[in-house]
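The values are calculated or read from the model by the stated rules, or taken from the named source; none is laboratory data. This one's a predicted model, so the numbers in the text were calculated from it and none came from an experiment. When we count neighbours, we look across all protein chains shown, and the Cβ atoms used for this are built from the backbone with ideal geometry, even at glycine.
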Amino acid sequence: MTDAQTPYKPPKVWKWDKGNGGEFASVNRPIAGATHDRDLPIGKHPFQLYSLATPNGQKVTIMLEELLALGHAGAEYDAWLIKILEGDQFGSGFVEVNPNSKIPALMDRSGPTPIRIFESGSILLHLAEKFSAFIPTTREGRAECLSWLFWQMGSVPFVGGGFGHFYFYAPVKLEYAIDRFSMETKRQMDVLDRRLRDNEFLAGKDYTIADIAAWPWYGGLMNGLFYDDAATFLGLESYKNVRRWVDAVGARPAVKRGRIVNRISGEPADQLHERHDAADFSSKTQDELQAKIIAT
């Protein structure tokens, strides 16, 4: 690792220095594949989700809870906890579902042949098409919805791996990197604010998978749920239209349930380590479930 005041000159051939990884040195590496043998558990429901309540993980649990709220009983799911800081995503069973070793990963066991789906946007689209929900039916509406869905998928790495990493996680704070990604994060917030000025939701008048994809990231950032004082640092309260949208989506009961599934940090009331039944959301059942998980 170079001193913050010493200009860095890239070597002719880059070599991995695990010690430069900061907080995530134990999970980031330049190769793929499994590091150990570990089968994934399988529950009783049609969908088996292997995840953690990061913003990307929340997208899928919110979507499943929204589907259940609409009355789609076929969307029942088991949500299994994947502890990424302990390397669960590198187990052989998880790598079989997602060769990219990132959460979330989903197995659709509703048909005769299990189907694996990885990448959060792909999972949202798979579920939306399967249940004909939260995606417009017109060509124009579908195109608008998918444009915003893929905008989120392509844009948010600059917020997480870019701004979040250099502002919050990086062991050395670099002014250039923080300025670069702060500018990009604010630009994205302006894109959202302008879109939401004349539209209730991202795809238009209806709530869709575009909102489900974007809310955990931009809503979490707006509400100060990660990166400490980043919302103040970036001046996010100036984006009034985004604030209105964040509050409206966050008030949905399914969103409130979905955002706590596979959550293992924060206030105890905001954590449900695993979800295997709707009753798990009751405080008594939740406490018992978490005690059982901790004991094992």
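Against the test of being aliphatic (A, V, I, L, M) and crowded, with 19+ Cβ neighbours inside 10 Å, the options Leu174, Leu202 yield a single qualifying residue, Leu202.
Report, by residue number, each residue of segment 189-204 that is under 17 Å from Leu236 (Cβ atoms) and among the acidic types (Asp, Glu). Talk me through it step by step, then tell me what you get.
First, the residues of segment 189-204 that are under 17 Å from Leu236 (Cβ atoms): 189-197.
Within segment 189-204, Asp190, Asp193 qualify.
Do we have Phe281 as hydrophobic (A, V, I, L, M, F, W, C), more than 27 Å from Cys145 (Cα to Cα) and free of Cβ contacts under 8 Å to residues at least 40 places away in the same chain here? Criteria met by Phe281. So which residues in segment 84-99 are more than 13 Å from Arg38 (Cα to Cα), within 17 Å of the chain's Cα centre (by Cα) and either part of a helix (DSSP H, G or I) or touching a residue at least 60 places away in the same chain (Cβ under 8 Å) (or both)? Once the filter is applied, which keeps residues that are more than 13 Å from Arg38 (Cα to Cα), within 17 Å of the chain's Cα centre (by Cα) and either part of a helix (DSSP H, G or I) or touching a residue at least 60 places away in the same chain (Cβ under 8 Å) (or both), segment 84-99 yields Ile84, Leu85. Residues in segment 100-116 include at least one that is out of contact with any Pro (no Cβ under 9 Å at 6 or more places or on another chain), closer than 10 Å to Ala34 by Cβ and surrounded by 13 or more Cβ atoms within 10 Å (Cβ to Cβ).
Note on segment 48-63: residues that are of a type outside the set (Phe, Trp, Tyr) and assigned to a strand (DSSP E or B) amount to 3. Among residues that are within 21 Å of Ser120 (Cβ to Cβ) and loosely packed, with under 14 Cβ neighbours inside 10 Å, Gly161 is included. Scanning segment 251-286 for residues that are of a type in the set (Gly, Ala, Ser), outside any helix (DSSP H, G or I) and over 28 Å from Asp206 (Cβ atoms) returns Ser265, Gly266, Ser282.
Modelled with pLDDT of 95 or more and under 23 Å from Met222 (Cα atoms): does that describe Pro253?
Details: modelled with pLDDT of 95 or more: yes; under 23 Å from Met222 (Cα atoms): yes.
Spelling it out, Pro253 is indeed modelled with pLDDT of 95 or more and under 23 Å from Met222 (Cα atoms).
Residue count for segment 192-250 under the criterion of being in a loop (DSSP other than H, G, I, E, B), of a type in the set (Asp, Glu) and more than 18 Å from Gly160 (Cβ to Cβ): the result is 3. For segment 256-296, filtering for residues that are modelled with pLDDT under 95, under 18 Å from Gly57 (Cβ atoms) and either touching a His at 6+ places or on another chain (Cβ under 8 Å) or of a type in the set (Val, Ile, Thr) (or both) leaves 3.
Within segment 117-133, restricting attention to residues that are in a loop (DSSP other than H, G, I, E, B) and small (Gly, Ala, Ser), which residue is surrounded by the most Cβ atoms within 10 Å (Cβ to Cβ)?
Taking segment 117-133 and keeping what is in a loop (DSSP other than H, G, I, E, B), we get 119, 132-133.
Now narrow it down to the ones that are small (Gly, Ala, Ser): 132-133.
Details: Ser132: 9, Ala133: 17.
For segment 117-133, the residue satisfying everything is Ala133.
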